[in-house]
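The values are calculated or read from the model by the stated rules, or taken from the named source; none is laboratory data. Just so it is clear, the structure is predicted and the values come from calculations on it, not from any experiment. Neighbour counts are summed over all protein chains in view; Cβ atoms, including those assigned to glycine, are modelled from backbone coordinates with ideal geometry. Each accessible area value is taken on the protein alone, full model and side chains, heavy atoms only, with ligands, DNA and RNA left out. Shrake-Rupley method; radii C 1.70, N 1.55, O 1.52, S 1.80 Å.
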Amino acid sequence: KYNPKLNEEMAALPGFTGVHPLQPEETVQGCLEVLVKAEELLCEITGMDQMTFQPAAGAHGEFTGLLLIKAYHHSRGDEKRTKIIVPDSAHGTNPASATMAGYSVVSIPSREDGCVDLDKLKEAVGEDTAGLMLTNPNTVGLFDKNILEITRIVHDGGGLCYYDGANLNAVMGIVRPGDMGFDVIHLNLHKTFSTPHGGGGPGSGPVGCKEFLRPFLPGFMVKGPQSIGSVKMFYGNFGVVVKALAYIMTLGREGIPEASSNAVLNANYMRVKLSDVYDMAYNETCMHEFVMSLEKMKHDKDISAMDIAKALLDYGIHPPTMYFPLIVHEALMVEPTETESKETLDEAIEVFHRIYEQALADPEALHSAPHLTPIGRPDEVTAARKPGLRYTWE
């Protein structure tokens, strides 16, 4: 996603970089106004009532949101709710966060259409259900048309609904998680709202909630008796919030939904243009991303998703997400953002076609790709198990 230089300039203003969180409040009113304004706008976009900026990233936000759910049930003396329901297409951090929060995870299978199986959900919901974690659109890029039914089932069972905001880029300004029935949400400011995603951070994963969860929110200056306590020092990664606020205020009420619409348009354009040679896991109108399956090519030509991804490097293209979601074999998940032009999309599409033709004509060459990068293909297994974290001069 494009990160406007303007946002960086705003975050680098001396009035923001030269402050300390322990200064007297009257000397940091501008910074506090940024937090208040960002909270107001993000609550409007998500349909939440209050937000905390303490969490440092998406997974940290998940953990914080789950602690809110846990504190809510505890406040009611409802200690029997020990399970969190997570669809099998979820981000891997969802079950990990639930486990860290002390919950057992119940996995719900997806139907053939890639969405939640309602019958399996109904079977899973019971008196021990603390909540549901869900991404919508989901990780195969589809908006679950049964979302209101899904959240109703969980609520009727006494559980709460948690929205993983990782895919908000497809719907921001168009539909709101709060209106879908979600009680708590985390956002990836370092992704959806343009501040650099990856590269070592820092990130920001603010958590928003409905009014009834407000007493449990973490705090710095003032904590209520039911607060879960601080989850990070002071106010969180403040500079990231400044960048996100600059992004929101620059785009405004019309620009935010336009960004989502363009992300969806770009994804569907690429999906249709590539579906003549690549198998789509779900070849229907998607949201901001689509998933290709190289399973048939792997079977017929022994060309894997890894081979295609490595070959893209020779054309100067950063590979898409590989082998995720896990419910799609040999998956490549492509997420062109709203700021990609038709020209760059056409260039990427042409490269994918060239690599496909190469896979048919000379599959062996793809097994050793990339060939033009400073470093060739490393031994992935050894690199993961025995990483060389420093260079030794001989």
Can you find even one residue in the stretch 107-115 that is more than 20 Å from residue 242 (Cβ to Cβ), without any contact (Cβ under 8 Å) to a residue 12 or more places away in the chain, out of contact with any strand residue (DSSP E or B) (no Cβ under 7 Å at 6 or more places or on another chain) and open to solvent by 10 Å² or more (accessible area, probe 1.4 Å)? yes
Hey, any hits in the stretch 145-153 for a residue that's β-branched (Val, Ile, Thr) and either more than 30 Å from residue 336 (Cβ to Cβ) or within 14 Å of the chain's Cα centre (by Cα) (or both)? yes
Anything in the stretch 30-50 that is over 14 Å from residue 249 (Cα atoms) and crowded, with 20+ Cβ neighbours inside 10 Å? List them, or say none. 46, 48
Meets criteria (farther than 29 Å from residue 267 by Cβ, free of Cβ contacts under 8 Å to residues at least 40 places away in the same chain and crowded, with 20+ Cβ neighbours inside 10 Å) for residue 103: yes
When every residue in the stretch 354-394 that is touching a Leu at 6+ places or on another chain (Cβ under 8 Å) and in a helix (DSSP H, G or I) is compared, the one nearest to residue 304 (Cα to Cα) is 359
Got a number for residues in the stretch 80-94 being open to solvent by 40 Å² or more (accessible area, probe 1.4 Å), at pLDDT 95 or above and either of a type outside the set (Val, Ile, Thr) or touching a Cys at 6+ places or on another chain (Cβ under 7 Å) (or both)? 2
Checked against (1) farther than 22 Å from residue 135 by Cα; (2) buried (at least 17 other Cβ atoms within 10 Å of the Cβ); (3) of a type in the set (Asp, Glu), residue 276 satisfies every condition except (2)
If we ask which residues in the stretch 361-370 are more than 15 Å from residue 319 (Cα to Cα) and either open to solvent by 80 Å² or more (accessible area, probe 1.4 Å) or touching a residue at least 24 places away in the same chain (Cβ under 8 Å) (or both), their number turns out to be 4
Answer yes if at least one residue in the stretch 153-172 is open to solvent by 10 Å² or more (accessible area, probe 1.4 Å), small (Gly, Ala, Ser) and free of Cβ contacts under 8 Å to residues at least 60 places away in the same chain, and no otherwise. yes
If a residue has to be within 30 Å of residue 72 (Cα to Cα) and either free of Cβ contacts under 8 Å to residues at least 24 places away in the same chain or not in a helix (DSSP H, G or I) (or both) to count, how many in the stretch 223-264 make the cut? 15
With the condition being out of contact with any Ser or Thr (no Cβ under 9 Å at 6 or more places or on another chain), of a type in the set (Ser, Thr, Tyr) and more than 23 Å from residue 165 (Cβ to Cβ), I'd like the helices (runs of 4 or more DSSP H) fully within the stretch 1-82 carrying at least 2 qualifying residues. none
Can you find even one residue in the stretch 316-332 that is at pLDDT below 95, aromatic (Phe, Trp, Tyr) and open to solvent by 60 Å² or more (accessible area, probe 1.4 Å)? yes
Starting from the stretch 9-26, take each residue that is within 18 Å of residue 54 (Cα to Cα) and list its partners that are of a type in the set (Gly, Ala, Ser) and open to solvent by less than 60 Å² (accessible area, probe 1.4 Å), counting only C-beta distances under 6 angstrom and pairs at least six apart or across chains. 11/239
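A quick yes/no check of all residues on (1) over 23 Å from the mean Cα position of the chain (by Cα); (2) among the basic types (Lys, Arg):
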| residue | (1), (2) |
| --- | --- |
| 299 | yes, no |
| 302 | yes, no |
| 313 | yes, no |
| 325 | no, no |
| 330 | no, no |
| 333 | no, no |
| 347 | yes, no |
| 351 | yes, no |
| 354 | yes, yes |
Evaluate the following for residue 97: is it hydroxyl-bearing (Ser, Thr, Tyr), within 15 Å of the chain's Cα centre (by Cα), part of a helix (DSSP H, G or I) and surrounded by 15 or more Cβ atoms within 10 Å (Cβ to Cβ)? yes
In the stretch 288-309, anything surrounded by fewer than 23 Cβ atoms within 10 Å (Cβ to Cβ), within 25 Å of residue 269 (Cβ to Cβ) and in contact with a Pro (Cβ under 8 Å, 6 or more places away or on another chain) is listed as 309
When residue 17 is evaluated against the numbered criteria (1) open to solvent by 50 Å² or more (accessible area, probe 1.4 Å); (2) within 21 Å of the chain's Cα centre (by Cα); (3) of a type in the set (Val, Ile, Thr), which criterion, by number, is the only one it fails? (2)
Taking residue 147, is it surrounded by fewer than 24 Cβ atoms within 10 Å (Cβ to Cβ), of a type in the set (Val, Ile, Thr) and either closer than 22 Å to residue 125 by Cβ or touching a helix residue (DSSP H, G or I) at 6+ places or on another chain (Cβ under 8 Å) (or both)? yes
